[in-house]
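**Q** Please find one structure pasted underneath; my questions will follow.
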Amino acid sequence: MTDDKSKRGEPDRSKVNTSEDYEVAYWSGKFGVTPQLLKDAVKTAGSSPEAVAQALKK
């Protein structure tokens, strides 16, 4: 399901979304990793930011 860009508000940061380029850019910057490394971490750890952070520390 895609984001409704007409609805403005706070982004949902409870999940790491890798299906939108701007979300990948945000999370890659937040974790300080490349987009591909972020996508690989989400594939192995799931979409929880905490789980992704743990996967990236390994």
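**Q** Condition first: in contact with a Ser or Thr (Cβ under 6 Å, 6 or more places away or on another chain) and of a type in the set (A, V, I, L, M, F, W, C). Now tell me which residues in the range 28-58 satisfy that.
**A** Within the range 28-58, Leu38, Val42, Ala55 qualify.
**Q** Does Lys57 fit the bill of being surrounded by fewer than 14 Cβ atoms within 10 Å (Cβ to Cβ) and at pLDDT 90 or above?
**A** Answer is yes for this residue.
**Q** Further question on the same structure: Sort out which residues of the range 26-45 are surrounded by fewer than 14 Cβ atoms within 10 Å (Cβ to Cβ) and outside any helix (DSSP H, G or I), and write them in order of number.
**A** Correct list: Gly32, Thr34.
**Q** Something else: Has the range 11-25 got any residue that is touching an Asp or Glu at 6+ places or on another chain (Cβ under 7 Å) and either at pLDDT 90 or above or at positive phi (or both)?
**A** Yes, there is a match, as at least one residue in the range 11-25 is touching an Asp or Glu at 6+ places or on another chain (Cβ under 7 Å) and either at pLDDT 90 or above or at positive phi (or both).
The values are calculated or read from the model by the stated rules, or taken from the named source; none is laboratory data. In this text, all values refer to a predicted model and were calculated from it rather than measured experimentally. Please note: Cβ atoms are built from the backbone with ideal geometry, for glycine as well, and neighbour counts cover all protein chains shown.
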